[in-house]
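The values are calculated or read from the model by the stated rules, or taken from the named source; none is laboratory data. Note that this is a predicted model, so its numbers are computed, not measured. Using ideal geometry, Cβ is built from the backbone for each residue, glycine included, and neighbour counts are taken over all protein chains shown.
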């Protein structure tokens, strides 16, 4: 699960990206899931464009793709989804979540 800080970091990187996957009237098929998964394996972070002809809601498309590709949704903005899946050897170094240390009582 991505933290807010990690999502902000990924949104900054994703801003300059072009969509590599398009979802149209064919909705989300097995072929589209394979294509999306392959794109994530190659790039780690991708933009997905939802065309006007897609009958599904944008949040539904994002959820289906994220679950089907074992990815995280970093952002949904308009008809564009930003997906992230860490590679076995990540190219991107996400900000580390710092936990607050508890003081021990004596």
Subset of the range 24-50 (residues that are closer than 12 Å to residue 81 by Cβ and at pLDDT below 95): 28
Selected residue (only one of 16, 26 is free of Cβ contacts under 8 Å to residues at least 12 places away in the same chain and out of contact with any helix residue (DSSP H, G or I) (no Cβ under 8 Å at 6 or more places or on another chain)): 16
Residue count, the range 76-93 (criterion: touching a residue at least 60 places away in the same chain (Cβ under 8 Å) and under 13 Å from residue 50 (Cβ atoms)): 2
Hits in the range 67-94 (condition: within 12 Å of the chain's Cα centre (by Cα) and part of a loop (DSSP other than H, G, I, E, B)): 70, 71, 85, 86
Hits in the range 1-42 - residues which are touching a strand residue (DSSP E or B) at 6+ places or on another chain (Cβ under 8 Å) and surrounded by fewer than 12 Cβ atoms within 10 Å (Cβ to Cβ): 1, 18
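So, residue 38, is that one in a loop (DSSP other than H, G, I, E, B), on the phi < 0 side of the Ramachandran plot and without any contact (Cβ under 8 Å) to a residue 12 or more places away in the chain or not? Let's see the steps before the verdict.
Working: in a loop (DSSP other than H, G, I, E, B): no; on the phi < 0 side of the Ramachandran plot: yes; without any contact (Cβ under 8 Å) to a residue 12 or more places away in the chain: yes.
So residue 38 fails the test.
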Residues of the range 51-70 satisfying the condition of being more than 13 Å from residue 84 (Cα to Cα) and either touching a strand residue (DSSP E or B) at 6+ places or on another chain (Cβ under 7 Å) or surrounded by 12 or more Cβ atoms within 10 Å (Cβ to Cβ) (or both): 51, 54, 56, 58, 59, 60, 61, 64
Selection from the range 42-66 of residues that are under 19 Å from residue 6 (Cα atoms) and part of a helix (DSSP H, G or I): 43, 62, 63, 66
